[in-house]
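**Student:** One structure is given below, represented as structure tokens, and several questions about it will come after.
The values are calculated or read from the model by the stated rules, or taken from the named source; none is laboratory data. The model shown is predicted, which means the values in this text are computed figures rather than measured ones. Ideal geometry is used to build each Cβ from the backbone, glycine not excepted, and the neighbour counts take in all protein chains shown. When the accessible area is computed, the model is the full protein with side chains, heavy atoms only, and any ligands, DNA or RNA have been set aside. Shrake-Rupley method; radii C 1.70, N 1.55, O 1.52, S 1.80 Å.
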Amino acid sequence: MNKTAKIFVAGHRGMAGSAIVRSLRSKGYDNLILRTRAEVNLLDGHAVQAFFKAERPEIVVDAAARVGGIAANFEKPVEFLVENLTIQNNVICAAAETGTRKLLFLGSSCIYPKLSPQPIPESALLTGSLEPTNDAYALAKIAGIRLCQAYAAQYGKNFLSAMPTNLYGPNDNYDLQSSHVLPALIRKVHEAKAAGAAEIPIWGTGNPRREFLHSDDLADACVFLLENYDSPEIINIGCGEDITIRELAETICEVLGYRGELVFDPSKPDGTPRKVLDMQKLFALGWRPKISLREGIRNAYECFLESHKNLA
Ligand code: GFB
């Protein structure tokens, strides 16, 4: 990929998009086109088409999506389905119509069936029923994958789709109702420690297993794919290692220096029992993650403190 290529990163203010922008810049890609929602609302098809016609980006990374944790997905399936279908249709179709040379669409590990073989190979897609707590989001992402593959098959477009595992990092969402587990637990542990509380509540049984990847590793993998991968076949992005939610909570308590008790609430949903990606395909191409979970949690906590210092 040419260092002067004109690259549009959709969703550049989100956790994944902002990490991809940092990674592109650090690798010498400076011709980035970035637009806030106020400048180009990706839900507005006319605005998106006008933007693509005016700018004609050579490369597009679609990291724009409505995202959220298990509760947000479960409570707002309409928004997760409609907004994600709309944004991705607008971006992918406009890119195709205005001559974008290569497009990377970000999916999610939740596209795979609830009871997939573990670790989950790319071939598990559409082989079984989805996890009900996030099937709206998963179905939208599956439609995005299929749209990229259809453009590749019908019009020869170099549109690829990558499936990131559960992500965390700078610019994460720390709202306790809508966030994912890792930022939620950072916040809960921080607040319990500050208040001298004896315990913290954890949703579910603590038994589900999840894989966690720092957004800077995700971004590094995305740039690697832009530079080295040209196939409509989906490809996983993870670290290939998982832990239980209980182990995650214990690790966060250790890193933040909190010694209270973990109190599990089984009335809250566990979601899918296990989700760890099979990383053979991307690892065989020569990519590896660099950030350990402890190091990543330390970094995420520093970012949390920085962004919440005015609230303290
Ligand atoms: O990260 P999370 O919200 O989503 O929850 P998923 C993972 C696990 O952590 C579940 C438990 O078993 C939760 O019950 N958990 C424990 C908590 N305490 C908490 C808490 O305070 N907050 C949250 N949020 N969870 C998401 C999908 O599934 O995976 C998204 O909903 C997306 O669509 C993402 O695909 C990658 O890992 O279950």
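**Student:** As a test question: what accessible area, to the nearest 10 Å², does residue 91 have when a 1.4 Å probe is rolled over all protein chains in place?
**Tutor:** Solvent-accessible area, nearest 10 Å²: 0 Å².
**Student:** With a 1.4 Å probe and all protein chains kept in place, how do 233, 227 rank by accessible area, largest first?
**Tutor:** 233, 227
**Student:** Evaluate the relative contact order of the stretch 123-277 (contact order divided by residue number), counting alpha-carbon pairs under 8 angstrom at least 6 apart; express in whole percent.
**Tutor:** For the stretch 123-277, the relative contact order is 33 percent.
**Student:** For the stretch 67-138 and the stretch 204-278, write down the distance between their C-alpha centroids in whole Å.
**Tutor:** Measuring centre to centre over Cα atoms gives 17 Å.
**Student:** List every residue whose amide H lies under 5 Å from the amide H of residue 12, counting only residues 5 or more places away in sequence or on a different chain, with H placed 1.01 Å from N in the peptide plane.
**Tutor:** 35
**Student:** Additional query: Using alpha carbon coordinates only, what is the Rg to Rh ratio of the stretch 260-312, with Rh defined as the Kirkwood radius?
**Tutor:** In the stretch 260-312, Rg relative to Rh is 1.12.
**Student:** Let me ask another. What number, in nm² with one decimal, is the all-direction average of the projected area of the convex hull of the alpha-carbon atoms of the stretch 1-150?
**Tutor:** Over every viewing direction, the Cα hull of the stretch 1-150 projects on average to 9.4 nm².
**Student:** Here's something else I'd like to know. Please build a GNM for the chain, connecting alpha carbons under 10 Å apart, and tell me which residue among 200, 297, 59 fluctuates the most.
**Tutor:** 200
**Student:** Write down the Kirkwood hydrodynamic radius of the chain, to one decimal in angstroms, obtained as one divided by the mean of 1/r over all alpha carbon pairs.
**Tutor:** Value: 19.9 Å, from the Cα pair sum.
**Student:** Run through all the Cα pairs of the stretch 75-115 and give the fraction in each 10 Å bin from 0, expressed as whole percent.
**Tutor:** All Cα pairs considered, the percentages come to 22, 43, 27, 7.
**Student:** Now a separate question. Would you look at the GNM of the chain, springs on alpha carbons closer than 10 Å, and say which of 21, 255, 181 moves the most?
**Tutor:** Its mean-square fluctuation being the largest, the pick is 255.
**Student:** Right, here's the next one. So between residue 75 and residue 47, what do we pick up on full extension, going 0.36 nm a residue minus the alpha carbon distance?
**Tutor:** Extra length available between residue 75 and residue 47 comes to 7.2 nm.
**Student:** In whole angstrom, and with the biggest value first, how far do the Cα coordinates of the stretch 166-243 range along each principal axis?
**Tutor:** Computed over the Cα atoms, the extents are 52, 26, 19 Å.
**Student:** I would also like to ask the following. Quick check: convex hull over the Cα atoms of the stretch 114-192, volume per residue in Å³, rounded to an integer?
**Tutor:** 141
**Student:** Percent relative contact order of the chain, based on C-alpha pairs within less than 8 angstrom and at least six residues apart?
**Tutor:** Taking the mean separation of contacting Cα pairs over the length of the chain, I get 20 percent.
**Student:** Return P(r) of the stretch 1-74 (all Cα-Cα pairs; 5 Å bins starting at 0; whole %; ordered from short to long distances).
**Tutor:** Going out from 0 Å in 5 Å bins, the stretch 1-74 shows 3, 15, 24, 23, 16, 10, 5, 3, 0 percent.
**Student:** Given q = 0.20, 0.27 Å⁻¹, what are the Debye log10 I(q)/I(0) values for the stretch 206-275, with equal point scatterers placed on the Cα positions and solvent ignored?
**Tutor:** Taking Cα atoms of the stretch 206-275 as identical point scatterers yields -0.93, -1.21.
**Student:** To the nearest 20 debye, what charge dipole does the stretch 47-163 have about its Cα centre, counting +1 at the Cβ of each Lys and Arg and -1 at the Cβ of each Asp and Glu?
**Tutor:** 280
**Student:** Jot down the radius of gyration and Dmax of the stretch 166-312, Cα atoms only, both in angstrom.
**Tutor:** 16.4, 53
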